[in-house]
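The values are calculated or read from the model by the stated rules, or taken from the named source; none is laboratory data. All figures in this text were calculated on a predicted structure; none of them were measured in a lab. Cβ: placed from backbone, ideal geometry, glycine included. Neighbour counts: every protein chain shown. When the accessible area is computed, the model is the full protein with side chains, heavy atoms only, and any ligands, DNA or RNA have been set aside. Shrake-Rupley method; radii C 1.70, N 1.55, O 1.52, S 1.80 Å.
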Amino acid sequence: MAHWFHRNPLKATAPVSFNYYGVAGSPAANKICNDLRTNRARLLEMFTDVTCNPEMMKNATDAYFSLLQGFISSLDGTTQENKMRFIQNFKWTDTLQGNTPSAQQDAVFELVSMAFNVALWYTKFASRLAGKENVTEAEAKEVHRSLKSAAGIFKTLKEVHIPRLITPAEKGRDLEPRAMDAYIIQCQAEAQEVTIARAIELKHNATIIAALAFETANFYQKADHTLNTLEPECSGKWRKYFQLKQHFYMAYAYCYHGQTLLAGDKCGEAIRSLQEAEKCYSHAEALCKEYRQTKGPGTTAKPSEQLFFLKLGGLIKNTLEKCQRENGFIYFHKVPAEAPQLELKASYGLAEPIPFELPPLSEQCSSEVYATFDLTKGAKNDKAKPKEEEVKPVKEPDLKPQKDTGCVLS
């Protein structure tokens, strides 16, 4: 299932030296600054390393965030802001805004921006793993877990850390509520796609599959509506992806609901449900073409070329023909003019975000070492400030398509 998921680009950032000449007034303080620089650089490298796995990513993330919290948490026993929080300017681009960076002199801005990239990495890792030729059960579980982990990071950032920013996110930027909600919902919806694929592979009850597909379609519709007030040039392509996935899973829902109706001897209603599935599938096919032709950030998914997509078309056609044959020989039911109202509620398989927690504060960041940082000593070096570093786009590894065997994630 290579190229099944749409992925926006990673955020890019300017290098940070953490060189606070004069301010870091002890060897231990200097070591914290050196380790921050080293661990930040290592974490940024991990984002584009195709050999990186979730365990490696967690270790690199914990190493950096445990130190960065020494510039955010209160270390002097008071309720006052950490004196180091606003010492450094951080620059980050946004996934939907090209290479124009936002900058804030705030360690919380660095925390949320880096964690945002960590969440994006989990989605890209899941996409890469799902794109393998033969996905094992263990790998499918890893895809599922990675997407729920990403959802958990985005959710925690939105609810806990972004509200702490002194300067609110500008409209259309990654950290504003509409974009954050869209990322959270997308991750949950894609995790449920893994569940649906497994349920189909294991031939679970049609009612369960229809309900899961319906819930997933609703997730994609909600994500699309979340972005409807953003500028089309930055969100248009992403929205087309949400729309095509919504109609694709509505087609699944109507198809499997039709099977349930037929099993309950409601052949006329089953035919109408399958006709609606056919209509949704055709709409999804048309949206796939529109999506490919729409310009915008991110990699272009190719769902209509996947056997998982193509198989549904055949399933709808064959099931509808079966229903029509049965109706002509046995039932003689009238086919309703209106499509059945889907009021399906999934009891199983709904994807909940995995809660994200920051690592404990590094033992290096003691109150004694914190006391040796002296901000009054930094002003003397204003004239010696280095020139501002530019933000270079992240060169992401290509996702090489592999032979699509039609295997779903099982």
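Listed values, structure above:
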item: With DNA, RNA and ligands ignored, accessible area of residue 292 (1.4 Å probe; Å², nearest 10); result: 100 Å²
item: Compactness index (Cα Rg / 2.2 N^0.38 Å), segment 118-221; result: 1.22
item: In nm, spacing of pseudo-spin labels at residue 265 and residue 292 (7 Å Cα→C-beta vector); result: 4.7 nm
item: Qualifying lysines (Cα of each under 16 Å from Cα of residue 171; at least 8 residues distant if same chain); result: 158
item: Partner aspartates and glutamates for residue 266 [C-alpha distance under 20 Å; skip if fewer than 8 residues away on the same chain]; result: 276, 278, 321, 326, 338, 343
item: Cβ charges +1 (Lys, Arg) and -1 (Asp, Glu), total dipole of the chain, debye; result: 660 debye
item: Exceeding the 23 Å Cα-Cα cut-off - candidates 279/317; 132/302; 11/289; 132/392; result: 11/289; 132/392
item: Residues residue 49 and residue 376, FRET efficiency given R0 of 35 Å [Cβ-Cβ distance, rounded to 0.05]; result: 0.30
item: Cβ charges +1 (Lys, Arg) and -1 (Asp, Glu), total dipole of segment 68-144, debye; result: 140 debye
item: Gap separating the Cα centres of segment 61-112 and segment 189-261, nearest whole Å; result: 36 Å
item: Net length gained if the chain between residue 80 and residue 17 were fully extended (0.36 nm per residue, minus Cα distance); result: 20.1 nm
item: Efficiency of FRET between residue 105 and residue 38 - r from beta-carbon atoms, R0 22 angstrom, step 0.05; result: 0.50
item: Distance histogram in 10 Å bins (all Cα pairs of segment 225-354, percent per bin); result: 12, 34, 30, 17, 6, 1
item: DSSP-loop GluC sites (Glu not before Pro) across segment 154-196, with at most 16 other Cβ within 10 angstrom; result: 170
item: Computed FRET value (nearest 0.05) for residue 332 with residue 141, which takes r as the C-beta separation and R₀ as 60 Å; result: 0.80
item: Stokes-Einstein D (µm²/s) once Rh is taken as the Kirkwood radius of the chain over alpha-carbon pairs, at 10 °C in 1.306 mPa s; result: 68 µm²/s
item: Relative contact order (%) - criterion: Cα under 8 Å, at least six apart; region: the chain; result: 28 percent
item: 18 Å cut-off, amide nitrogen to a point 7 angstrom out along residue 310 Cα→Cβ, residues in segment 123-158; result: 131-135
item: Tilt relative to the chain, helix 54-68 - C-alpha long axis, 0 to 90 degrees, to 10; result: 40 degrees
item: Contour excess over end-to-end distance, with Cα ends at residue 394 and residue 366 and 0.36 nm allotted per residue; result: 6.6 nm
item: 222 nm mean residue ellipticity, helices alone, for the chain (DSSP H n ≥ 4; -39,500 (n - 2.57); rounded to 500); result: -17500 deg cm²/dmol
item: Inter-site label distance for residue 31 and residue 318 at 7 Å from Cα along Cβ, in nm; result: 6.6 nm
